[in-house]
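In what follows, a single structure is set out as structure tokens and then discussed.
Derivation of every value follows stated rules applied to the coordinates shown; laboratory data play no part. These numbers were taken from a predicted model, which means no experiment stands behind them.
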Ligand SMILES: Cc1cc2nc3c(=O)[nH]c(=O)nc-3n(C[C@H](O)[C@H](O)[C@H](O)COP(=O)(O)OP(=O)(O)OC[C@H]3O[C@@H](n4cnc5c(N)ncnc54)[C@H](O)[C@@H]3O)c2cc1C
């Protein structure tokens, strides 16, 4: 098990990036630490704490809601501007002890396959603002989760969501109401276009095409085989679409 040799808490993005891009020192950003501290085998040698960077604000410009990377999931739950469906998904993500530590940026970077909040972000077509020593870029959250994952030496500084949608809804199936859903589908309708995203059907939450759920190749486990998960994606997706067509709560 690697032991942390040094802990840094820089107060500027430049200093944080300089620490993260040093050659030959395995250094990782740490936000809420709920994943990083929970997986000692993957511990880096040094960590760069993001909490003094002032990235925890939630702001709004018209319909664009900007969630700072170190805003806590509980901040998202509590904020008056959070669309109700996203609020419920963030609230379901983890108990309040974890929600008060886990951050928006950490949730995107960790890309947990069962992250309901992340499925909601994908359904809303959220984008991530990423900075590196080469500058700043804005990419679809869906692209951050794929092969392009947040590159070493880069930081997510914010996640932006256009909250001007016609309707939003979600549906999930779990062993009990208190359990994490085996599969959950979140959806948004915007200008006649519906976007659906699901948890539990791949190694990260992903946007799904309801007419092609047979192409999904979910890793099965004791809670559900791959075939059962494909079935759930189709059934729950159809339920969400029906809800959206009836004007589901935004
Ligand atoms: C008991 C327990 C239960 C959990 N249950 C669930 C669950 O049901 N569903 C679920 O989705 N998750 C769950 N998680 C996982 C975890 O809580 C979330 O993924 C959390 O949102 C991660 O956020 P964090 O801020 O704590 O990340 P951290 O642990 O600080 O970091 C996670 C990863 O992201 C990187 N990182 C953090 N911030 C940034 C940034 N701004 N830019 C670039 N990289 C960054 C870190 O280097 C690290 O690799 C659980 C965790 C625990 C301990």
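May I have the pair-distance distribution P(r) for the chain, computed from all Cα-Cα distances with 5 Å bins from 0 and rounded to whole percent?
Percent of Cα pairs in each bin: 1, 6, 14, 18, 19, 16, 12, 8, 5, 2, 0, 0.
Rounded to the nearest 5, what % of DSSP beta bridges with both residues in the range 1-126 are antiparallel?
The antiparallel fraction comes to roughly 40 percent.
Take the Cα gyration tensor of the range 58-162, multiply each eigenvalue by 5, square-root it, and list the three semi-axes largest first, rounded to whole angstrom.
20, 15, 13
At 0.36 nm per residue, minus the direct Cα-Cα distance, what do residue 3 and residue 235 gain on full extension? Give it in nm, one decimal, please.
78.9 nm
Is the range 1-134 best put as rounded, prolate or oblate by its Cα gyration tensor, with a ≥ b ≥ c the root eigenvalues, rounded for a/c under 1.5, and otherwise prolate when a/b is larger than b/c, oblate when not?
Taking the square roots of the gyration eigenvalues as a ≥ b ≥ c, the range 1-134 is prolate.
Going by alpha carbons, how many degrees (0 to 90, nearest 10) lie between the helix axis of 226-245 and the longest principal axis of the chain?
With both axes taken from Cα atoms, the answer is about 80 degrees.
When the Debye formula is applied to the Cα atoms of the range 113-207, each taken as the same point scatterer, what base-10 log of I(q)/I(0) results at q = 0.10, 0.12 Å⁻¹?
Summing over Cα pairs of the range 113-207 leads to -0.29, -0.41.
Counting only Cα atoms, I'd like the Rg/Rh figure for the range 106-153, Kirkwood definition for Rh.
Working: Rg = 10.7 Å, Rh = 11.1 Å.
Expressed as Rg/Rh, it is 0.96.
Using only the alpha-carbon atoms, how far is helix 84-93 inclined from the longest principal axis of the chain? Give it as 0 to 90 degrees, nearest 10.
60 degrees
For the range 61-103, just say rounded, prolate or oblate: build the C-alpha gyration tensor, square-root its eigenvalues into a ≥ b ≥ c, call rounded for a/c under 1.5, and beyond that prolate if a/b exceeds b/c, oblate if not. The partial results should precede the final answer.
Working: a/c = 2.73, a/b = 1.51, b/c = 1.81.
Here the range 61-103 falls in the oblate category.
Given the rule -39500 (n - 2.57) for each run of at least 4 DSSP H residues, summed and divided by the residues of the chain, what is its mean residue ellipticity at 222 nm, to the nearest 500 deg cm²/dmol?
Helices in the chain give a 222 nm mean residue ellipticity of -7500 deg cm²/dmol.
Please report the orientation-averaged projected area of the range 167-245, defined via the convex hull of its C-alpha atoms, in nm².
4.9 nm²
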